[in-house]
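K.L.:
Let me give you the structure first, and then I'll get to my questions.
None of the figures in this text is laboratory data; all of them are computed from the coordinates on show. Note that the structure is a prediction, hence the values are computed from the model and not measured. Cβ coordinates were reconstructed from backbone atoms using ideal geometry, including for glycine residues, and neighbour counts include every protein chain displayed.
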Amino acid sequence: MIWEEFRTPPKFGCELPGPKGPGFRRPDEMKKKHKQPWGVFLAIALAIAFGSTVGDKGTIFGVTFYSIVDVLGTIFLNALTLVVVPLVSSSIITGIARIGGDGGFGRVGAKTFAFYIGTSLIAIFIGLFFVNILHPGAAQAMIPGNGIDPEQVAALKERLTHQEGKVLLNVLLQIVPSNVINAFSQGQMLGLIFFSLLFGYAVSKIEKGPSETVQSFFQGVFQSMIRITHVVLKFLPYGVFCLVSKVFMTTGISSLQSVTLFTCAVLLGLGTFFFIGLPLLLKFVGGVNPLYHFKAMGPALITAFSTSSSSATLPVTIDCVEKRAGVSNRICSLVVPLGTSINMSGSALYECVAAMFVAQAYGIEISLATQFLIVFLSLIASIGVAGIPSASLVAILLILRVLGLPAEGIGLFLAVDRLLDMCRTTVNVFSDSCCAVLVARTEGEKKVLSKDPAELEE
Ligand code: ASP
């Protein structure tokens, strides 16, 4: 795989990995490695046809097709969830330790964090706006016999609409666990994320020798988890087939309406953030021409769209931000690689819309307080998302778990996940690059986007 080779970013003043350097792969080689979308698209088409034809009563050897795909789909979900705890914690620990180690928690580090969090929050609120306007899950909730267990829904409604105060307090309590091993073993994600942030910070502050040992240990854990995730994702077309056909077995093609609305909500949200939100920030906070920045980032955006992996796109992103947008290596080598591991604005927007969609599909009217909880969870979960294809599925499982919503809810939108992944990855990469420009400009770098990058090509 490619991403782990780029996980360790160039230090200040270093060059990008050279074309002959160990493990370096050019973007065109990377593309060859990402053939999977077609398998996934085929699986979706087959699942829709198979699910709507067979229905939930069709049997083979006395067993319903429904229970077969249900079991296989659950195994796939379990395999995805398997890596959540080590993947998220090692990703955060190495990311935070790195920024601290690079002398980062100073002014530039603080600014970088502020822009990461600010842009992600803007993205999430835009997503929240569209999911509330379009209400995509409502169509799913109204399909008769939609496979959603009424008792389970009643319990969820009670929990999320009448006891939201309790849910919020519980979430607050989970943030600081009294026993970190318990938090890890029970998969309490908030406690795990809080501890990982703290641990990463501490690792960056201890003596160099032990600090490097701990960092390289967690780097190894991260790379191994990515590899396991990659193995699991090899089965993505089969997992998608089972989970999507299960949905269509119970609802027939009526599910297409809610999935289409969901896609519209995500695309409108991503589009608004990409074409309006970020350009406004570039113009008014950075004082640069947004059009120049779109031109500068062209190659990285295309790579992100075709690979669905912001980590695999990292070398191209760094190249565009430094050479085409003119951001100094000092800022670029801190903001862009770190952003690739912890700043996922497009994914954060997607996770928020997805969690709201699942809740709506279960017929739950989400109160304002719970919506804020979802915003918070999306922000936190996006920090732990790895920059690889379909990584948000893991984060969404995490959010659903905290809210008490069933994990199989992701089957409702899995049919469009891959397509939306291409779009949100493009937004993630663009957002990282905008943060680099904003940090550089507010640090007084005058050269940034001072010329039309198209002139560079002449
Ligand atoms: N594919 C995304 C990325 O690499 C992560 C996600 O699944 O949202 O940035």
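K.L.:
Too long at a 23 Å Cα-Cα cut-off: which of LYS111/LYS451; LYS323/LYS451; LYS111/LYS205; LYS283/LYS451; LYS57/LYS246?
P.N.:
Check vs 23 Å cut-off fails for LYS111/LYS451.
K.L.:
Which order do the peptides 364-377, 79-92 take when ranked by the mean count of other beta-carbon atoms within 10 Å per residue, highest first? Could you put the intermediate results ahead of the total?
P.N.:
Values: 364-377: 18.3, 79-92: 21.3.
The peptides rank, most packed first, as 79-92, 364-377.
K.L.:
Using mean Cβ contacts within 10 Å as the protection proxy, how do 66-76, 200-210 order, highest first?
P.N.:
66-76, 200-210
K.L.:
R0 = 56 Å: FRET efficiency of LEU173 with GLU443, Cβ-based, nearest 0.05?
P.N.:
Values: r = 39 Å, r/R0 = 0.70.
Step by step, r from the Cβ atoms, then E = 0.90.
K.L.:
Give me the distance in nm between label points sitting 7 Å out from Cα along the Cα-to-Cβ direction at ALA369 and CYS264, one decimal.
P.N.:
3.3
K.L.:
Ok, one more. At a 10 angstrom cut-off on C-beta neighbours, averaged per residue, how do the peptides 283-290, 384-391 rank from highest to lowest?
P.N.:
Going from most to least packed, we get 384-391, 283-290.
K.L.:
Can you give the FRET efficiency to the nearest 0.05 for ASN132 and LYS451, using r as the Cβ-Cβ distance and R₀ = 45 Å?
P.N.:
Computed FRET efficiency for ASN132 and LYS451 comes out at 0.60.
K.L.:
Compute the distance in nm between two label points, each set 7 Å from the Cα along the Cα-to-Cβ direction, one at LEU291 and one at LYS205.
P.N.:
About 4.9 nm separates the two model spin labels.
K.L.:
Also, I was wondering about something else. Using θ = phi - 60° and the Karplus form 6.51 cos²θ - 1.76 cosθ + 1.60, what ³J(HN,Hα) does each residue of the stretch 302-312 get, whole Hz, x for Gly and Pro?
P.N.:
These are the phi-based 3J(HN,Hα) values: 5, 5, 4, 5, 7, 9, 6, 9, 6, 5, 5 Hz.
K.L.:
Going by how many other Cβ atoms sit within 10 Å of their own, how do SER245, SER328, SER178 line up, fewest first?
P.N.:
Ordered by Cβ neighbours within 10 Å, fewest first: SER178, SER328, SER245.
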